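Working notes for the structure below.
Derivation of every value follows stated rules applied to the coordinates shown; laboratory data play no part. Keep in mind that this is a model prediction, so the values were computed, not measured. Positions of Cβ are backbone-derived with ideal geometry, glycine not excepted, and every protein chain shown enters the neighbour counts.
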Amino acid sequence: MTPSTILVIEDESAIQELISVNLQLAGHNQLVATSAEEALSLLNEARPDLILLDWQLPGMSGIEFARHVKNNLLTRNVPIIMLSARSDLQDKITGLEAGADDYICKPFSPRELITRIKTVLHRREQLSDACD
Ligand code: CA
């Protein structure tokens, strides 16, 4: 598997750390932001292969951030996996409608996280192959 660059947006340091360790183990490169605003400025310079996005962030929410990413021609094809403690069906639907490609409820298992990342990245590769 070729290493991918994952942009992780999470304001809770314990969860950020858990994600970071597991991405490293899975061989991914990562960019880290603790707010949506910080992530938006990172996106001006870097083009990650996938975004792992917390819903509840200080300032701009994950939902607003996802809409920004999907409304921008330069970033709209970057897949987003949303992380949230909100497990209601309506919340999941809101997340998916905002542009998330997948949705993971907290607390999550590291194995589930890595597997879902792999699946979303694989799906994206297949889509780009189809357009070549
Ligand atoms: Ca949070």
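Would you kindly derive the ³J(HN,Hα) couplings of the range 89-95 from the backbone phi angles with the Karplus curve 6.51 cos²θ - 1.76 cosθ + 1.60 (θ = phi - 60°), listing them in order in whole Hz, with x for Gly and Pro?
4, 4, 5, 4, 4, 4, x
Along Cα→Cβ, 7 Å out, is where each label goes; now give me the distance between the ones at Arg47 and Glu97 in nm to one decimal.
3.1 nm
If you average the alpha carbon positions of the range 83-108 and of the range 1-70, how far apart do those two centres end up, in angstrom?
15 Å
I need the shape label for the chain. Rule: rounded when a/c is under 1.5, else prolate if a/b > b/c, else oblate, with a, b, c from the alpha carbon gyration tensor.
Details: a/c = 1.24, a/b = 1.10, b/c = 1.12.
Judged from the Cα gyration tensor, the chain comes out rounded (a/c under 1.5).
Starting from the amide H of Lys106, placed 1.01 Å from N in the peptide plane, find each other amide H under 5 Å away whose residue is 5 or more places distant or on another chain.
So Lys106 has HN proximity to Ser84, Ala85, Arg86.
Tell me, in nm to one decimal, what length is gained between Asn29 and Thr119 on full extension, where the rule is 0.36 nm per residue of separation less the Cα-Cα distance?
Details: separation 90, 0.36 × 90 = 32.40 nm, distance 1.69 nm.
Full extension of this stretch gives 30.7 nm more.
Tabulate in residue order the Karplus-calculated ³J(HN,Hα) for the range 81-86, using 6.51 cos²θ - 1.76 cosθ + 1.60 with θ = phi - 60°, rounded to whole Hz; enter x for Gly and Pro.
Ordered by residue, 3J(HN,Hα) equals 10, 9, 10, 7, 7, 7 Hz.
Which of the three applies to the range 1-77, rounded, prolate or oblate, going by the alpha-carbon gyration tensor with a ≥ b ≥ c and a/c under 1.5 meaning rounded? Display every interim value, and only then the final one.
Numbers: a/c = 2.19, a/b = 1.19, b/c = 1.84.
Note, shape of the range 1-77 comes out oblate.
Starting at the first residue of the range 46-56, write each ³J(HN,Hα) from the Karplus equation 6.51 cos²θ - 1.76 cosθ + 1.60 with θ = phi - 60°, in whole Hz, x for Gly and Pro.
With coefficients 6.51, -1.76 and 1.60, one gets 10, 10, x, 7, 7, 10, 9, 10, 6, 6, 8 Hz.
Can you tell which of Ser128, Ser20, Ser41 lies farthest toward the positive end of the dipole of the range 5-131, using +1 and -1 charges on the Cβ of basic and acidic side chains (Lys, Arg; Asp, Glu)?
Positive-most Cα among the choices belongs to Ser128.
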